1. Using modelled backbone amide H atoms (1.01 Å from N, in-plane), which distant-in-sequence or interchain residues come within less than 5 Å of residue 95's amide H?
2. Which ³J(HN,Hα) values, rounded to whole Hz and listed in residue order, are derived for region 87-97 from phi using the Karplus coefficients 6.51, -1.76 and 1.60 in 6.51 cos²θ - 1.76 cosθ + 1.60 with θ = phi - 60°, glycine and proline given as x?
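A short reminder: the numbers here are calculations on the coordinates, not readings from a lab. These figures come from a predicted structure and were not determined experimentally.
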Amino acid sequence: MDKFNELINGEKPVLVDFFATWCGPCCNEIPFLVKMEERLQGRNIEFVSLSVDKSADREKWIKMVREKEMKGVQLRLTGKKSELNEMLCISGIPHFAIINPAGELVWNGLP
């Protein structure tokens, strides 16, 4: 969570994509996310993909990131899931949030 906290309290807005390797709709969204990152490359925005995969699925997550050529910052949520879910009202994935440079949630919802 330290890296995530650092990013959401930085100098750029952050688009956060919550996903998992086992989530079909999440996997379907990834090509669109990759295209959006390419289109907005060089702009003042940080892309963060936050996996909610279990620790045992670490290798599946790494393989997926490589195979799908996922860009941006890739993180795994390994603890405090309920705290983050409650803070962002996440009831399922895929889920996206946009956080402004002041660390304030400005958009929260489904793709």
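1. 18
2. 4, 9, 6, 8, 10, x, 10, x, 8, 10, 9
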